[in-house]
Amino acid sequence: MGDLESPDPFVRSLAAIGLCVQSPAHAEPALPELLRTIDSAHVGLEREAARVLIHVGPLHVPQLLATLVVEELMSDDRRGAIKNALLAAGPAAVTPIVKCMRGPGRFLVGDLGDVLLRIGAPAVPDIVGMLVEEPDVRLKNFAAFLLGQMGPVARSALPALKGATSSTDADLVRAASAAIARVQPGHGRPGGR
Amino acid sequence: MGKIKTHQTSNRLPGRASLLTPVLLVLGMGIGVRALMLALSHRVPLLVILGPRFHMTAVGLAVGLLLLLRASIFELRELRDGGARSSSAASLRSVFVVAILGWLLFLWLIQPFQRIWFDMVLGGAAGAWAGLLLIQRARGERHARLLRWIDILAFGICAALLSLELGLRLWATVRPAPLNATVGAGPGELVRRFRCDPGQVRFGFACNSRGFYDTEFYRNEPGDDGPLIVAIGDSFNVGTVPHAWHFTSICEELTGARIYNMGVPGIGPPEYLSLLVDEALPMDPDLILIGVFIGNDLDIDEYLADLPDAALRSWFQRDQVLLSVIPERMSRIAVERLRAERRGADVGTVQGERSVVESMDRDEAAAAFPWLTDTGLEEATLSEDAFYRLETERALATCAQVPPSFDVFCEAMLAARRAAGDTPVHVMLIPDEFQVEDDLWMRVTESAGRELDRNRPQDLLTAWLGQQGIPYLDLLPVLRRVDPQPDGRRHLYHALDTHFNARGNQVTAEALAEFLD
């Protein structure tokens, strides 16, 4: 732990990696240093830190999401590593991610949506929740878009998508219709089955 | 060699000098133990970093320690018995050779420098030295002559390499030049190395006594004509056009202000700050304009300044060692020279830069350098390969992510504003050519192989500058507004050069004049 305060960035990075590997559940104090290491070329441990983040990330989803929200000016490498760690968390990360998208992380919908897409079917119920319950029509739109991108794995979202087609917002109706066409191949497509 | 010597000295009484080898071995054991402890205490992260190589490293250090122990016992026993012992000179020679080989190995394979790697390599080198001593003892009698030759040859080569590095460092101190600059050089040092020579003639115009591509500078005094503006910048301020065609000269005419052009090629934000404090503020200007080039001012190697073990780093980090830096630079120059020879141009100089020595006004310059008014006559400064490689590297550094030195830039600008006090500091953002010429952008994005955001640097910088209340002129929209010529290019940058040509200087000067008004 003491090494996390070392003036030598390499020693700090080693300490962060060590703590994350040895005790992933208690690695919270090491996460900021681990994230810094990911884009510190002069330390030379970028790949190792990104690998360890995938190992430890699933246990610290809320903290990773908070980092994404707070550090707006983040390198693509660091952002990519966090996204991979969230992806590694799988279904367990879905609810916090959707909560973040509907809360302080609205500006991150692109990145977080990408993670949800890659998680796939387990993310569908929460995205449907966003489509149905979210008051912000832009997020509803985005939820419909995501479900459409998921394709047939989001079949369980069809009732919610069909419900969205009766919305007063023309954009949402368009997005929901497009999503239905992708989730249920053939539906609404000329000449389809 | 120890054995050879020992035959000659075996009847000698043990003296102070002959204790050297055992003392060095005991010292080596201390180093070896420390290295092994270090490796074991960091075994978890090192296993992540090194994988199976960690076990090999740990075993290697342990073996080295055993060798040190064995050699120490051997030497101490010999010392007690008054028998055969290594001579002090031979011991020092072998220590020196192992140290230099370790140094070279480190520079070649273990980069960037980190203290823990250094300590482990030191432990390994101590073990290797002990092994060498034991081999010499075992083989000494049978291969005495051969070993002695190897000993002398290895020592000679290692001494020559060290002398060469020391000589290069001395040269760099006495005659600082871009060729011998290293990454860690401080801002003031970089300005000193890269600025033009006083009186150096470029396009028929002699640099002033301070080495700036402008007329002589005088301190601003009450009653002087017009406001005094000091323009600080890099090679864009030095320019690739005759003085009368440079944007600062044109802007002077358009605004009636005096603009002192303090340009030094190859510098960045920390050096701008140094120039501002050391050379601009003493002029007591009415305004300071800092030109920030997007292409390389946001990707600078300033980080070394704050890292620990600076002295060790200066010897063990490859980009700090002149023996490594200079040949690499020279080979690049040689390649470019070869390409330039095929084209019949100077290397690293702009078309016609050194061809005229007489002072010229704007019209005379236009007659002497017809490419000023006809971009079709421009000759390339760099080879195509070098140019596209450079542009791709710059795009990757600035448009693929938050630029690596964005924080350094912000700190330097805030420090500049603090240092300037009441004197206003304004910033001019100079886009890279790939942001202005569409065909170049397409080529760069193809070579980059990843998604790039063409406007990202300006988006970040303008947002930050606006937030800080620092007035800025963003030249990107200005240059993009210029109508393309029939070939689809705007032709604002000299051919394969990365700097403004006459058209680029004219457009910049007009925008700057409007901004300053």
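Where a number appears in this text, it was derived from the coordinates with a stated rule and is not lab data. None of these values were measured; they are calculated from a predicted model. We place every Cβ from the backbone using ideal geometry, glycine too, and count neighbours over all the protein chains shown.
Out of the range B:421-459, which trypsin sites (Lys or Arg not before Pro) are coil in DSSP terms and have no more than 13 other C-beta atoms within 10 Å? Sparse-neighbourhood loop trypsin sites (Lys or Arg not before Pro): B:450. If you count Lys pairs in the protein assembly as shown whose Cα atoms are under 25 Å apart, skipping same-chain pairs closer than 8 places in sequence, the total is 5. Remark: the protein assembly as shown carries a charge dipole of roughly 4860 debye about the Cα centre, counting +1 on each Lys and Arg Cβ and -1 on each Asp and Glu Cβ.
Rg/Rh for the protein assembly as shown (Cα atoms only, Rh after Kirkwood) is 1.06.
For the range B:186-267, the list of trypsin sites (Lys or Arg not before Pro) that fall in a loop by DSSP and count at most 14 other C-beta atoms within 10 angstrom reads B:210, B:219. Shown in residue order for the range B:419-425 are the 3J(HN,Hα) couplings computed by the Karplus curve 6.51 cos²θ - 1.76 cosθ + 1.60 at θ = phi - 60°: 5, 6, x, 7, 6, x, 10 Hz (x for Gly and Pro).
Considering helices alone, the calculated mean residue ellipticity of chain B at 222 nm is -18000 deg cm²/dmol, with DSSP H runs of length four and up weighted by -39500 (n - 2.57) and normalised per residue. Taking the fewest neighbouring Cβ atoms within 10 Å as the starting point, the ordered list for B:117, B:108, B:103 is B:108, B:117, B:103.
Computed from phi, the 3J(HN,Hα) profile of the range A:143-149 under the Karplus parametrisation 6.51, -1.76, 1.60 (θ = phi - 60°) reads 4, 4, 4, 4, 4, x, 5 Hz, with x in place of Gly and Pro. The mean number of partner chain beta-carbon atoms within 10 angstrom of a residue's beta-carbon across peptide B:45-55 is 4.
Rounded to the nearest 500, the helix-only mean residue ellipticity at 222 nm of chain A stands at -19000 deg cm²/dmol, with each DSSP H run of n ≥ 4 adding -39,500 (n - 2.57).
As a proxy for reagent exposure, B:363, A:3 were ordered by neighbouring Cβ count within 10 angstrom, fewest first; the result is B:363, A:3.
A cut-off of 5 Å between modelled amide H atoms, ignoring neighbours fewer than 5 places along the same chain, links residue B:231 with B:260, B:261, B:262, B:289. Cβ-to-Cβ counts within 10 Å put B:218, B:388, B:272 in ascending order as B:218, B:388, B:272, the fewest first.
Under unit Cβ charges (Lys, Arg +1; Asp, Glu -1), what dipole magnitude, rounded to 20 debye, does the range B:72-204 have relative to its Cα centre?
Details: 16 positive and 9 negative charges, 44 e Å.
Charge dipole of the range B:72-204: 220 debye, to the nearest 20.
When the charge dipole of the range B:2-174 is built from unit charges on Cβ atoms (+1 for Lys and Arg, -1 for Asp and Glu) and taken about the Cα centre, the candidate among B:160, B:44, B:66 whose Cα reaches farthest toward its positive end is B:66. With kT/(6 pi eta Rh) evaluated at 10 °C and eta = 1.306 mPa s, and Rh the Kirkwood radius from Cα pairs, the range A:120-188 diffuses with a coefficient of 142 µm²/s according to Stokes-Einstein.
Less than 5 angstrom separates the built amide H of residue B:292 from those of B:428, B:429, B:430, all sequence-distant by 5 or more or on a different chain.
Each Lys and Arg adds +1 at its Cβ and each Asp and Glu adds -1 at its Cβ; summed about the Cα centre, chain B shows a dipole of about 5080 debye. What the phi angles of the range B:397-411 give under the Karplus curve with 6.51, -1.76 and 1.60, with θ = phi - 60°, is a coupling list of 6, 10, 10, 8, 7, 5, x, x, 9, 4, 5, 4, 4, 4, 4 Hz, glycine and proline written as x. Beta bridges from DSSP with both residues in the range B:187-516: antiparallel share about 15 percent, rounded to the nearest 5. With both labels modelled 7 Å from their Cα along Cα-to-Cβ, the residue A:181 to residue A:156 distance reads 2.7 nm.
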